[in-house]
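Below: the structure, in structure tokens.
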Amino acid sequence: MHVYVPGTVTDLQTLPYKSPDGEIQPGKRVFHRQFWTFEPCVRAFPYCKQMVQVDGTWLYGKYTQILLIAVAQDDNRNVLPIAFAIVELECFESWEFFLTNLRRHVVREDKYFCLISDRSKGLLAAIRRLGVPWMSVYCIRHIAANFHKDYKNKDWKKELVNMTYELEPRRFRLRFATLESQMSSLPTNLRTWLGSMENWQWTQSYDEGYRYGQMTTNLVEAVNSVLRRTRHLPISVVFSVTFYRLATLMPKIGLKQAKQIEAGHV
């Protein structure tokens, strides 16, 4: 059964179909990538924090594309998926496609907006290419995983994570100096390993509150876990499931908020 949902935004890209011998078949196209979002998500986003988390997860089985998701959160800590896409890979072109549509249809306000990601090269390249004036900050879990992969020291990894959660710059600098001294004998010291990352991109003490205390992409991971049983299904079914999940969520949250207002809450 197909359901028409007014206000749904989709951007479908296809490619010419080639026969096994490499010949292009006129009049035939194959799926390449698709972006979609729903009108209630677009309407709700201006009431959320000026922060979005993005990440991708593999589909599996017959279909092995990537599902990209953007997630926001309101001041009552309700999690709101605001956009989806199925793309071929997590590469520059697919991230550019996703961010272009996200900016055009959902996140229309650039000022003071924060984007939290896993620091993938394709995503960062797309942000630079598009000239998006968003604050691009990074998930500390991914940074810590990369750090441990290079140094194989659990104590140092723990100290790095604790450092990022510090609220006071003075305490952050003390922790930084301590870890830096412990690593001083290594060929690649801490400052070199951090490379081009600015303090505000990976620490809470320098972000001026723009990431609302969100140090990871856990909100996206939560949505991924909800959809994990659909990731082996056809692409059209993945699309439908996102709609029905949100169609269940919206009235539930709306009723909850209405009761709070009736009770006199602001």
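Here, each number is a calculation from the coordinates, and none is a lab measurement. Note that this is a predicted model, so its numbers are computed, not measured. Note that each Cβ is placed from the backbone with ideal geometry, even for glycine, and that neighbours are counted across all protein chains shown.
Couple of notes before you dig in:
- Extension gain (nm, one decimal) between Asp11 and Trp58, 0.36 nm per residue minus Cα-Cα: 14.9 nm
- Helix-derived mean residue ellipticity, 222 nm - over the chain, DSSP H n ≥ 4, -39500 (n - 2.57), to 500: -13500 deg cm²/dmol
- Expressed to the nearest 5 percent, the antiparallel share of DSSP beta bridges inside the chain is 80 percent.
- Taking 10 °C and 1.306 mPa s as conditions, segment 140-209 diffuses translationally at an estimated 130 µm²/s according to Stokes-Einstein applied to its Kirkwood radius (Cα pairs).
- With R₀ set to 25 Å, the beta-carbon distance separating Asp155 from Leu124 gives a calculated FRET efficiency near 0.25.
- For segment 140-209, the dipole from Cβ point charges (+1 on Lys and Arg, -1 on Asp and Glu) about the Cα centre works out to 300 debye, to the nearest 20.
- With the simple spin-label model, which puts each label point 7 Å out from Cα in the Cβ direction, the Thr248 to Trp193 separation comes to 4.3 nm.
- Partners of Lys158 within straight-line reach, counting lysines whose Cα lies under 22 Å from its Cα and excluding those fewer than 8 residues away in the same chain: Lys149.
- Calculated FRET value between Ala263 and Tyr47, using beta carbons and R₀ = 22 Å, to 0.05: 0.65
- Potential lengthening between Asn78 and Thr178 on full extension [0.36 nm per residue; Cα-Cα distance subtracted]: 32.2 nm
- Between the helical axis of 218-227 and the longest alpha-carbon principal axis of the chain there is an angle of about 30 degrees.
- Relative contact order (percent, whole number), the chain, Cα cutoff 8 Å, 6+ residue spacing: 16 percent
- Gained length - Glu23 relative to Leu167, 0.36 nm times residue gap less alpha-carbon distance: 45.8 nm
- Within the straight-line cut-off of under 30 Å between alpha carbons, the lysines reachable from Lys152 are Lys121, sequence neighbours fewer than 8 places apart in one chain being disregarded.
- Global geometry of segment 79-144, whether rounded, prolate or oblate, following the gyration tensor of its Cα atoms and the 1.5 cut on a/c: rounded
- Cβ-derived FRET efficiency at R0 25 Å, His142 paired with Ser225, nearest 0.05: 0.90
- Gyration tensor verdict on the chain (Cα atoms; rounded if a/c is under 1.5, prolate if a/b is larger than b/c, oblate otherwise): oblate
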